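The values are calculated or read from the model by the stated rules, or taken from the named source; none is laboratory data. Because the structure is a prediction, the values reported are computed rather than measured. With ideal geometry, Cβ positions are generated from the backbone for all residues, glycine too; neighbour counts draw on all protein chains shown. Note: areas computed on protein heavy atoms with side chains; ligands, DNA, RNA excluded. Shrake-Rupley method; radii C 1.70, N 1.55, O 1.52, S 1.80 Å.
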Amino acid sequence: MTETKNPLTAFAQWCAATPNSWSKVATDRAHDAFIDTLAVMVPGALEDVSKTVAGLAAKWGQGACHAVGFKAGFSAPMAALVNGTSAHALDFDDNFDPAKAHASAVIIPALLAVGEENNATYAQMLDAYIVGLQIMGLTGQGVNPFHRSRGWHATATIGTVGAAAGCARLMKLKPEQAAHAISLSTSLAGGFMSQFGTMTKPLHAGLAAAGAVQATQFAEAGITAGSETLHGPQGMGTLMVGPDVADLRALMADKDEYGQKVTFRTSDIGSPLHIEKYGLKPKRFPNCGSIHRALDGLLELREKYGFDSTVVKKVFIRAPAAHLRNLMYDKPASPTEARFSLEYSLAVGLYSGTVGVADYEMDAIKRPEIWALMPLIHKEYIDKLESDFPTQIHVTLASGETISTEVDMPVGSSAQPFTAKQLWQKFDTCTKPFLSQTQHKKVTALLKTEKPESISVQELMTLLI
């Protein structure tokens, strides 16, 4: 694996050799991602899917690693499986645009497992996260937007690759070993968007995190893998995009959809640094990110004009088809389906002025007052890229007046980033009901330290079980 034009080689060499000398912006954003992901893991661990996976994982692989909310000791892959599932269980975890995937729900659980097993420091975790996110982004740019729009769940596919790169960094693998780890991860990557609205959707994040740990440990142990699993004719760039990849590449040549060119980069791997250029998109609401632009706009109009649901005649959403295709449940019958329902989520926002975790509990989704509002929600699929068409929100009042706005980036994105206050409010809202007062105080103190090199991953995980 020495070809200079091979993206696999280029990615692996960068993972192994790039200096740990990141900007404050990069490390601060990585730190924020850990705070946000640990926050959503805590209530996520109480979901049925997480508890079921934890029970099975305890049978499949016991060890010295831990999962948030569970007392059992797991092997590293099984700890990653459980934590990844919990992180994604509420669909409250962040999004990452170049990959069109949930990044942190895969990378962070994988790193926590490897970090705990290898007694890593929190500072080393931040470094590995930045590296893993970069490779996840570059891999996403090599196959998107068509990989995602054609039905692959990028969290489960691209996420595995990025997390493997982060684990390779944390485990200090040599370039050739890192190349094998990344290559191996493509054989453990898979998942379809047809699983959205089911328990398997959050399980995808767990499987991707576990696959990343396994791929890296296989490579460390001496398992070798192919050198053309990214760019070759039978690699990810063709098999997970389509045989018309050359035409799609030409189509994206003059577009700027988060750097997605359907081509894998082989040089300048760290420039631009994705965590700086694109950042992460932590979620304001615990539902599919494809809802957020519309929900942000509706709540903005509601607050600005002071109306409530009693005077609304119609809500009309015009949004990119790629967003609306994710939202396939116009009459959700379960909490998992409700998280992928534009109609339900906007009806809740219209009724109460906010949307929270409690709105996706079984009793909440049956509320007749919400179902009475759902027929007011209408939508139009616009066949344009997300970056080419902002979501439009039009609200028609009983008086006949129509008020409108449009949103191109949701709250939480780099265009409208969370403040430190908003981030910690989310952390407290998610964790205080489930952690003891002592646990919450100690975990918060650790995460607020100005010396990440002094924090042990083992110490952090012990506080969260």
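Among the listed pairs Lys384/Lys448; Lys283/Lys451; Lys51/Lys331, which are separated by more than 32 Å between their Cα atoms?
Where the Cα-Cα span goes over 32 Å, the pairs concerned are Lys384/Lys448.
Can you compute the modelled spin-label distance between Glu300 and Thr438, with each label point 7 Å from Cα toward Cβ, in nm?
Taking the two extended label points, one gets 4.7 nm.
Given a 1.4 Å probe and heavy atoms of the protein chains only, how would you sort Glu453, Glu257, largest accessible area at the top?
Of Glu453, Glu257, the descending order of accessible area is Glu453, Glu257.
Quick one: with all protein chains in place, what share of the accessible area of the chain is carbon or sulfur, to the nearest percent (1.4 Å probe)?
C and S atoms contribute 53 percent here.
Set the Förster distance to 41 Å, then compute FRET efficiency between Ala64 and Arg150 from the Cβ-Cβ distance, nearest 0.05.
0.50
Answer with one residue from Tyr278, Phe146, Pro109: the one whose Cα lies farthest towards the positive end of the charge dipole of the chain, charges on Cβ with Lys, Arg +1 and Asp, Glu -1.
Among Tyr278, Phe146, Pro109, the one farthest towards the positive end of the dipole of the chain is Pro109.
Rounded if a/c is under 1.5, else prolate if a/b beats b/c, else oblate: with a ≥ b ≥ c from the C-alpha gyration tensor eigenvalues square-rooted, which is the stretch 424-465?
oblate
Over the stretch 29-112, what relative contact order in percent results from Cα pairs under 8 Å that are six or more residues apart?
32
Below 8 Å, C-alpha to C-alpha, sequence gap of six or more: please give me the relative contact order for the chain in percent.
Reported relative contact order: 20 percent.
Quote the FRET efficiency, to the nearest 0.05, computed for Val25 versus Asp330 with a Förster distance R0 of 45 Å and r equal to the Cβ-Cβ distance.
That gives a FRET efficiency of 0.65.
Please compute the net charge surrounding Ser387, taking Lys and Arg as +1 and Asp and Glu as -1 over other residues with Cβ under 10 Å from its Cβ.
Local net charge: -4.
Taking a virtual spin label 7 Å from the Cα of Asn119 along the C-beta vector, which residues in the stretch 51-81 bring their backbone nitrogen under 20 Å of it?
Residues 63-67, 73-77 fall inside that zone.
Where the centre of each part is set by its Cα atoms, how far does the stretch 204-241 sit from the stretch 246-301, in angstrom?
23
Based on Cβ point charges of +1 for Lys and Arg and -1 for Asp and Glu, what charge dipole magnitude is obtained for the stretch 28-104 about its Cα centre, in debye rounded to the nearest 20?
Here the stretch 28-104 has a charge dipole of around 460 debye.
Equivalent-ellipsoid semi-axes (√(5λ), Cα gyration tensor) for the stretch 32-77, whole Å, largest first?
20, 13, 7
Asp383 to Ala221: FRET efficiency via 1/(1 + (r/R0)^6), r the Cβ-Cβ distance, R0 45 Å, to the nearest 0.05?
E(calc), rounded to 0.05, equals 0.40.
Expressed as a rounded percentage, what relative contact order does the stretch 311-465 have, with Cα pairs under 8 Å and six or more residues apart?
25
Placing +1 on the Cβ of each Lys and Arg and -1 on the Cβ of each Asp and Glu in the stretch 255-316, which of Leu301, Val312, Thr266 has its Cα farthest towards the positive end of the resulting dipole?
Farthest towards the positive end: Val312.
How compact is the stretch 73-202 by the rule of thumb for globular proteins, expressed as Cα Rg over 2.2 N^0.38 Å?
Expressed relative to 2.2 N^0.38 Å, the Cα Rg reads 0.99.
Can you give the accessible area per residue of the stretch 290-430, in Å², using a 1.4 Å probe?
Here the residues of the stretch 290-430 average 45 Å² of exposed surface.
What helices in the chain pass both tests, a Cα length along the helix axis of 20 Å or more and a mean Kyte hydropathy of 1.0 or higher, using whole DSSP H runs?
Helix filter hits for the chain: 154-170.
What distance in nm lies between label points placed 7 Å from Cα along the C-beta direction at Ser456 and Thr405?
Label at Ser456, label at Thr405, 4.9 nm between them.
Provide the packing ranking of 213-221, 298-306, i.e. peptides ordered by the mean count of other C-beta atoms within 10 Å per residue, highest first.
Output ranking for 213-221, 298-306: 213-221, 298-306.
Treating only the Cβ atoms of Lys and Arg (+1) and Asp and Glu (-1) as charged, compute the dipole magnitude of the stretch 168-310 about its Cα centre; round to the nearest 20 debye.
The dipole of the stretch 168-310 has a size of about 340 debye.
Could the peptides 339-349, 269-279 be put in order, highest first, of the mean number of other beta-carbon atoms found within 10 Å of their residues?
Final packing ranking: 339-349, 269-279.
Rounded to the nearest Å, what's the spacing between the alpha carbon centres of the stretch 364-396 and the stretch 21-79? Just the number, please.
33
With only Lys, Arg, Asp and Glu charged, each at its Cβ (+1 for the first two, -1 for the last two), find how big the charge dipole of the chain is about the Cα centre; round to the nearest 20 debye.
Here the chain has a charge dipole of around 400 debye.
Along each principal axis of its Cα atoms, how long is the stretch 10-166 end to end? Whole angstroms, biggest number first, please.
38, 38, 25
Which order do you get for Tyr381, Tyr329 if you rank them by accessible area with a 1.4 Å probe, largest at the top?
Final ranking, largest accessible area leading: Tyr381, Tyr329.
As a test question: what accessible area, to the nearest 10 Å², does Ser387 have when a 1.4 Å probe is rolled over all protein chains in place?
My reading of the accessible area for Ser387 is about 60 Å².
Rank these residues by their accessible area, most exposed first, probe 1.4 Å: Phe192, Phe427.
Phe192, Phe427
Which of Ile377, Leu447, Ser404 sits closest to the plus end of the dipole of the chain, meaning its Cα is farthest towards the positive end, when Lys and Arg get +1 and Asp and Glu get -1 on the C-beta?
Among Ile377, Leu447, Ser404, the one farthest towards the positive end of the dipole of the chain is Leu447.
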